[in-house]
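Right, one structure below, let's go through it.
The values are calculated or read from the model by the stated rules, or taken from the named source; none is laboratory data. For clarity, every value in this text was computed on a predicted model and none was experimentally measured. Note: ideal-geometry Cβ built from the backbone for every residue, glycine included; neighbour counts use all protein chains shown.
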Amino acid sequence: MSDGRPPNTCAGGGRGANAVRIAAFAAGAAALWAQVIAVRGGLVAFGGNELVLALFFAWWLFAVGLGALAGGAALRRASAEELLCATLLLFAGVVFWEYAAARGLRGLIGLPAGECPRFGQAAAGLALITVPVSGLVGFLFPLLAAARRAGGAGTGEIYGIEAAGSLAAACLGTYWFLAQGREDLLAFGAVAGLLLAAAVFARRRAAAACAGLLLLWGCIGGFNLGVLGEWGDRLRWSGLMGPFLLERSADTPYGNIAVLKRADQRQVYFDGQLAFAFPDPFADETEVHIAASQAPRVERIVLVGGSPGMVGELLKYGPSELHLAPFDPALPGVLAPFLNAGEKAALAAPAVRMHSDDPRGLFRALPARSIDLILLAAPEPSSAALNRFYTGEFFEEIERVRAAEGVLALGIEAGIHLEEDTAAYAAACLATLRAVFPEVVVAAGGRLRFFASSAPGAPTRDPDLLARRFRNRGIATKYFRDAFFAAGDAFRPEMLARTDARLARGLAAAAPERDTRPTLFLRRLIVAARQAGSALAELFNAVLGLAPAHVAPWALIPGLAMLCLRRRPAAPVLVAVGGTGAWGMALALVLLLAFQVVSGSVYHKIGMLTGAFMCGVSAGALWGRRVRRGRRVLLLAEAAACAAALATPVVIYTAAELMRAPAMRLAAAAEIVLYVWNGILGAITGLEFSAANLCLGDEDSRRGRAAALTDGADHLGACAGALVTGLVLLPSLGLTGAALCCALLKAGTLGGLAAARPGGGKSPPPA
């Protein structure tokens, strides 16, 4: 006999409704923390390359969309309340699996440290840590929507509460847990919140509540997440654990630093890529003395990156100032326990100035025309975070502080024979230097070295002059000799001629690197992928050759599809929601890359970026539930999305200009601008989601199914947007071009929606 309640609703009156709200908040927080854990694990496993984010979000959103559709189908066979309890408990268990698997991802897929993954390996590895969690996130949403009481606020409120939980988790995770280097607390917080929600929701099911509380007690008292983290770290480096001993693995705002020891030498890895080894006196002497011999004066020096041994070699020149700018400000603290007495003494020398802020900030703070030698020894640009040290904007900052005869020195690994891909990689770096410095000299060899200045004759290829400069300074060395300049490959005429010929062919297609269109890290990825036999090399070579005319017309396909389906009221609405999902994900990736260029710390603050977006989603969804005409608001949201995409390049340019200002408060303002804009994009997304549910029917009898359709369309569209943006738009068009494609997409869907037959769009009066 019926009790008068609609099916699939939460029993218990207002208290039952509050239980659903608690469950939605906990699910949103757990989803955000699980996402951060998986993203950080993927970045470390695959060299910090931000294109991993596109593949990660594609898997995440695809699984969420399928999970939402599966949850809607499951409502036909069981009550929402029963399914919610079981799903929350299962979600809590899966988070533990994700935490361990994300840290040991390279070991799980059998990828040795430092080796570029194949496309299939990367896709399979990210699916392994992403799909189980994100599928449950999607499965939960229609259950939460269907469990609301009759006369409740509707799907938009659940959407908004989930987003509010994500925002709270972002703030707590970024400024408390991750600030302490405690990623394990993210996993614990997610599990504890889910179990608490399950216990509150299942108050009439004593067995489920007791089981949840027992598991929670086990996490607090008997399970040590630190042990799990250590196991994951050792699994992460299993490819090198034979000859090497893992001594330290530290998460910083910029990435992961690992120190591995073999015999008397240690290797330092940054996001899975070898940065340098120490002590290595031969390499230190070679890099320092070749660079210093290019500068007529070596009085004031800046070293960006580099090993501890390079500091001692530079001090042999007796500089009055030696500015040290680690590519990761946390690096000196991580290495401090492993330095020998000589390295510690060098770092404590009176001339040494250690800078703990971002290296790009250092060059903005130094006086103009003050530095004689700038030695850029940061890791090669394997990610957008490192690419920012190889752009025209950064070289312009260096040019401002370079003394009259000052020289910039840097090097990249290119191989002796300069194959086609490595030649294109080196030519892009050379083109960027030539766009800023009138005088650029290239030295040949397996490590290609560039020396740049505005003073004629300061950088030179004359081996006799270089040898004379080195001898006259009276530098005592163990391995390096003045004979190197004449006898080595770097300045041998036949090697130089071969290198020049290869670079000349590459320069024909090379464009200078800019902050808004970083491509050098893609070319570095192509080189690594070619060496590993990965299909990524062919894919990105093809993509880098695309013109805007080849890409932009495809953005109109959703709008054309809506015109074909305009006589079916629901179809254009779902296409619009899917298009907004693609639009939102595309612009989110654009802003992520812009944030990385601006601050270089997306590894630490990705939770806040996501949280800012979800804050906007929450506000937009909760405001959208107050509207009474869904179609009108849907058209408004589409127009706002088009305008926001057009404005995004202006926002990015503004943030970049603020970051280049010398005042630190303006640099902080640059990050705030991107946070706020991400929130605005989220608000448009949430508003459209609520309006779409009104158009499809948000009354209690249809709420679960409508929520499943809109959530599925939103996330599947976002999945497509992540793949296309990360693999095609950003490499071929850059940040500005990708944003303009998003504007074209929304212009098409706006036109298609306006031409479609109206259907529904009114909500019942507020309760």
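Which one of these is charged (D, E, K, R) and buried (at least 22 other Cβ atoms within 10 Å of the Cβ): R369, R388? Testing whether each residue is charged (D, E, K, R) and buried (at least 22 other Cβ atoms within 10 Å of the Cβ) leaves just R388. Considering only residues in region 391-409 that are in contact with a helix residue (DSSP H, G or I) (Cβ under 8 Å, 6 or more places away or on another chain) and of a type in the set (A, V, I, L, M, F, W, C), the one that is surrounded by the fewest Cβ atoms within 10 Å (Cβ to Cβ) turns out to be V401. Within region 675-729, if we keep just the residues that are more than 30 Å from the chain's Cα centre (by Cα) and among the acidic types (D, E), the residue that is modelled with the highest pLDDT turns out to be D698.
Quick check on region 175-197. Is at least one of its residues among the polar types (S, T, N, Q), at pLDDT below 75, over 21 Å from the mean Cα position of the chain (by Cα) and outside the structural domain of L687 (by TED's automatic domain parsing)? Walk me through how you get there before you give the answer.
Step one: list which residues in region 175-197 are among the polar types (S, T, N, Q), which gives 180.
Then keep just the ones that are at pLDDT below 75; that gives 180.
Going one step further and asking which of them are over 21 Å from the mean Cα position of the chain (by Cα), we end up with none.
No.
Among the residues in region 645-656, are any at pLDDT 85 or above, buried (at least 24 other Cβ atoms within 10 Å of the Cβ) and of a type in the set (G, A, S)? Checked against the condition, which is being at pLDDT 85 or above, buried (at least 24 other Cβ atoms within 10 Å of the Cβ) and of a type in the set (G, A, S), region 645-656 yields at least one hit.
Which residue is modelled with the highest pLDDT, if the candidates are limited to region 475-507 and must be crowded, with 18+ Cβ neighbours inside 10 Å and small (G, A, S)? Per the stated criteria, the residue is A490.
Is it the case that A409 is outside any loop (DSSP other than H, G, I, E, B) and either out of contact with any Pro (no Cβ under 6 Å at 6 or more places or on another chain) or of a type outside the set (A, V, I, L, M, F, W, C) (or both)?
Values: outside any loop (DSSP other than H, G, I, E, B): yes; either out of contact with any Pro (no Cβ under 6 Å at 6 or more places or on another chain) or of a type outside the set (A, V, I, L, M, F, W, C) (or both): yes.
Yes; evaluated as a whole, the condition is true for this residue.
Hey, any hits in region 399-416 for a residue that's more than 28 Å from F484 (Cα to Cα), touching a residue at least 40 places away in the same chain (Cβ under 8 Å) and under 25 Å from the mean Cα position of the chain (by Cα)? No, region 399-416 contains no residue that is more than 28 Å from F484 (Cα to Cα), touching a residue at least 40 places away in the same chain (Cβ under 8 Å) and under 25 Å from the mean Cα position of the chain (by Cα).
Restricting to region 278-315, what's the tally of residues that are basic (K, R) and either within 24 Å of N387 (Cα to Cα) or surrounded by 18 or more Cβ atoms within 10 Å (Cβ to Cβ) (or both)? Steps first, answer last, please.
Filtering region 278-315 down to residues basic (K, R) leaves 297, 300.
When the remaining residues are screened for being either within 24 Å of N387 (Cα to Cα) or surrounded by 18 or more Cβ atoms within 10 Å (Cβ to Cβ) (or both), the result is 300.
Residues in region 278-315 being basic (K, R) and either within 24 Å of N387 (Cα to Cα) or surrounded by 18 or more Cβ atoms within 10 Å (Cβ to Cβ) (or both): 1 in total.
Inside region 28-61, residues that are farther than 14 Å from R106 by Cβ and not in a helix (DSSP H, G or I) make up a count of 1.
Looking only at region 284-298, decide whether some residue is assigned to a strand (DSSP E or B) and either at pLDDT below 90 or closer than 22 Å to F450 by Cβ (or both).
Taking region 284-298 as the starting set, the residues that turn out to be assigned to a strand (DSSP E or B) are none.
Within region 284-298, not a single residue is assigned to a strand (DSSP E or B) and either at pLDDT below 90 or closer than 22 Å to F450 by Cβ (or both).
If you go through region 352-385, how many residues are on the phi < 0 side of the Ramachandran plot and out of contact with any Phe, Trp or Tyr (no Cβ under 7 Å at 6 or more places or on another chain)? Don't jump to the end; show me each part of the working.
Quick first cut of region 352-385, residues on the phi < 0 side of the Ramachandran plot only: 352-368, 370-385.
Still in the list and also out of contact with any Phe, Trp or Tyr (no Cβ under 7 Å at 6 or more places or on another chain): 352-358, 361-368, 370-375, 377, 380.
Counting residues in region 352-385 that are on the phi < 0 side of the Ramachandran plot and out of contact with any Phe, Trp or Tyr (no Cβ under 7 Å at 6 or more places or on another chain) gives 23.
Taking the listed residues L111, L89, L126, the one that is touching a residue at least 40 places away in the same chain (Cβ under 8 Å), farther than 16 Å from I37 by Cα and either in a helix (DSSP H, G or I) or aromatic (F, W, Y) (or both) is L89, with no other qualifying.
Results for (1) closer than 25 Å to R447 by Cβ; (2) in contact with a strand residue (DSSP E or B) (Cβ under 9 Å, 6 or more places away or on another chain); (3) at pLDDT below 85; (4) surrounded by fewer than 21 Cβ atoms within 10 Å (Cβ to Cβ), shown as yes or no for each residue.
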{"site": "L214", "(1), (2), (3), (4)": "no, no, yes, yes"}
{"site": "I220", "(1), (2), (3), (4)": "no, no, yes, yes"}
{"site": "N224", "(1), (2), (3), (4)": "no, no, yes, yes"}
{"site": "W231", "(1), (2), (3), (4)": "no, no, yes, yes"}
{"site": "R262", "(1), (2), (3), (4)": "yes, yes, yes, yes"}
{"site": "R266", "(1), (2), (3), (4)": "yes, yes, no, no"}
{"site": "F270", "(1), (2), (3), (4)": "yes, yes, yes, no"}
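Quickly run through region 400-415 and pick out the residues that are of a type in the set (A, V, I, L, M, F, W, C) and more than 19 Å from R449 (Cβ to Cβ). Of everything in region 400-415, those that are of a type in the set (A, V, I, L, M, F, W, C) and more than 19 Å from R449 (Cβ to Cβ) turn out to be V401, A403, A404.
In the set T477, T422, only one residue is in a helix (DSSP H, G or I) and either in contact with a helix residue (DSSP H, G or I) (Cβ under 6 Å, 6 or more places away or on another chain) or over 26 Å from L314 (Cα atoms) (or both); that residue is T422.
Would it be correct to say that F338 is within 22 Å of F278 (Cβ to Cβ), buried (at least 21 other Cβ atoms within 10 Å of the Cβ) and either modelled with pLDDT of 85 or more or not polar (S, T, N, Q) (or both)? Spell out the reasoning first.
Values: within 22 Å of F278 (Cβ to Cβ): yes; buried (at least 21 other Cβ atoms within 10 Å of the Cβ): no; either modelled with pLDDT of 85 or more or not polar (S, T, N, Q) (or both): yes.
Taking the combined requirement at face value, the residue does not satisfy it.
Criterion applied to R517, R498, R492 was being out of contact with any Phe, Trp or Tyr (no Cβ under 7 Å at 6 or more places or on another chain) and within 30 Å of G737 (Cβ to Cβ), and the one residue passing it is R517. Whether a residue is within 26 Å of R248 (Cβ to Cβ), modelled with pLDDT under 90 and surrounded by fewer than 19 Cβ atoms within 10 Å (Cβ to Cβ) was assessed, and L362 does not pass this test. Among the residues of region 437-452, which ones are in contact (Cβ under 8 Å) with a residue 60 or more places away in the chain and either under 17 Å from E405 (Cβ atoms) or not basic (K, R) (or both)? Of everything in region 437-452, those that are in contact (Cβ under 8 Å) with a residue 60 or more places away in the chain and either under 17 Å from E405 (Cβ atoms) or not basic (K, R) (or both) turn out to be V441, V442, A443, F451.
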